[in-house]
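The values are calculated or read from the model by the stated rules, or taken from the named source; none is laboratory data. Small disclaimer: the values here were computed from a predicted structure and weren't measured. When we count neighbours, we look across all protein chains shown, and the Cβ atoms used for this are built from the backbone with ideal geometry, even at glycine.
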């Protein structure tokens, strides 16, 4: 699927360094206005530049979005919520504090409304995630280090044995993913 938007009228940002290099290699030759963005409280664009901003799982600053959107401009985002994978974190790393406590629809929708946005659509979803193999769960916990801080097989060995027992009893180790969607108009 494509937005069929002219490359010369498209901009993109990225803050994660390995992705920055990839974006520079792929997007810049196409004529897309790509900018590395380390701090989301100051977007590298002029006031009222965009009709539409799309964001999936990236950081954003509501005031900056308001500044760079044209009147009637629209912001669309799908984000990972604060309760994402919570059961799995609690299983492997009990007593680990949650990350991003305001990453939920209620808190974020309130920020947009206070900034003067009109909320066109809001949704929140809690969906199952299942692991049928402890190796896959280990891989998952290792790559999402912000949700599973300090995870290692050695550190979590006893909890991984418990996860294996759960898998053998129930056929899977289950958790819940948490997502929310906001469509807001300036």
Answer with yes or no whether residue 129 is closer than 16 Å to residue 86 by Cα and assigned to a strand (DSSP E or B). yes
List the helices (runs of 4 or more DSSP H) inside region 1-107, counting only whole elements, that have at least 1 residues being modelled with pLDDT under 95 and under 25 Å from residue 140 (Cα atoms). 17-26
Name every residue in region 83-119 that is over 20 Å from the mean Cα position of the chain (by Cα), more than 17 Å from residue 173 (Cβ to Cβ) and exposed (fewer than 13 other Cβ atoms within 10 Å of the Cβ), in order of residue number. 95, 114, 116, 118
Checked region 132-151 for anything without any contact (Cβ under 8 Å) to a residue 40 or more places away in the chain, assigned to a loop (DSSP other than H, G, I, E, B) and farther than 15 Å from residue 96 by Cβ; matches are 133
If you go through 56, 21, the only one that is surrounded by fewer than 17 Cβ atoms within 10 Å (Cβ to Cβ) and within 30 Å of residue 129 (Cα to Cα) is 56
Given the residues 154, 123, which is the only one that is free of Cβ contacts under 8 Å to residues at least 60 places away in the same chain, part of a strand (DSSP E or B) and loosely packed, with under 14 Cβ neighbours inside 10 Å? 123
